[in-house]
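Chemist: Okay, handing you the structure first.
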Amino acid sequence: MMMLNMMILIFFMFIMGNMIFVSKYKHLMIVLLSLEFIVLSIFFFMLIMLNLFFFNMYMLMVFLVFSVCEGALGLSILVSMIRTHGNDYFQSFNLL
C-alpha cells in the first residue's frame with residue numbers, strides 16, 4: 001500500500017512538472033526549474049523500481065551525471081541569454 005502511494009506521488013510530481021513546463025513559457029528560469037523537477041521525479045521513480053527488483057544502483061549514478069550536465073548546460077544558456085538580452089523573457093529573444 002505504501003509503495004502504491006509513493007508511485008502515485010511520483011506520478012503526480014511528473015505530471016505537475018510537465019504542466020508547468022508546458023504552461024510557463026515566458027521565463028527561461030521557470031522552464032529550467034520545471035525540467036529539473038521532472039528529472040527529480042524520474043530519479044525517484046528509478047530509485048524505487050531498482051530497489052523493488054533488487055538491481056544495482058549504477059544506472060542511477062549515470063542518470064545523475066546526465067541530469068547534472070543538463071542542469072549546467074541550462075544554466076549556461078540562461079547566463080548567456082541574460083548577458084546578451086538583459087533578461088530571460090522568451091519574447092525578447094529573436095532568432096533572426
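Chemist: Before we move on, is residue 67 exposed (fewer than 14 other Cβ atoms within 10 Å of the Cβ) and of a type in the set (S, T, N, Q)?
Modeler: Judged against the criteria, residue 67 is not a match.
Matching residues to (1) at pLDDT 90 or above; (2) basic (Lys, Arg); (3) touching a Phe, Trp or Tyr at 6+ places or on another chain (Cβ under 8 Å):
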| position | (1), (2), (3) |
| --- | --- |
| 34 | yes, no, yes |
| 38 | yes, no, yes |
| 46 | yes, no, yes |
| 53 | no, no, no |
| 56 | no, no, no |
| 61 | yes, no, no |
| 70 | yes, no, no |
| 76 | yes, no, no |
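Chemist: Take the residues of segment 27-64 that are of a type in the set (S, T, N, Q) and over 11 Å from the mean Cα position of the chain (by Cα): which is surrounded by the most Cβ atoms within 10 Å (Cβ to Cβ)?
Modeler: 51
Chemist: If I go through segment 70-90 residue by residue, how many of them are β-branched (Val, Ile, Thr) and either under 22 Å from residue 42 (Cβ atoms) or surrounded by 12 or more Cβ atoms within 10 Å (Cβ to Cβ) (or both)?
Modeler: Going through segment 70-90 one residue at a time, the tally reaches 2.
The values are calculated or read from the model by the stated rules, or taken from the named source; none is laboratory data. In this text the structure is predicted, and so the values were computed from the model without any measurement. All Cβ positions, even for glycine, are placed from backbone atoms using ideal geometry, and neighbour counts span all protein chains on display.
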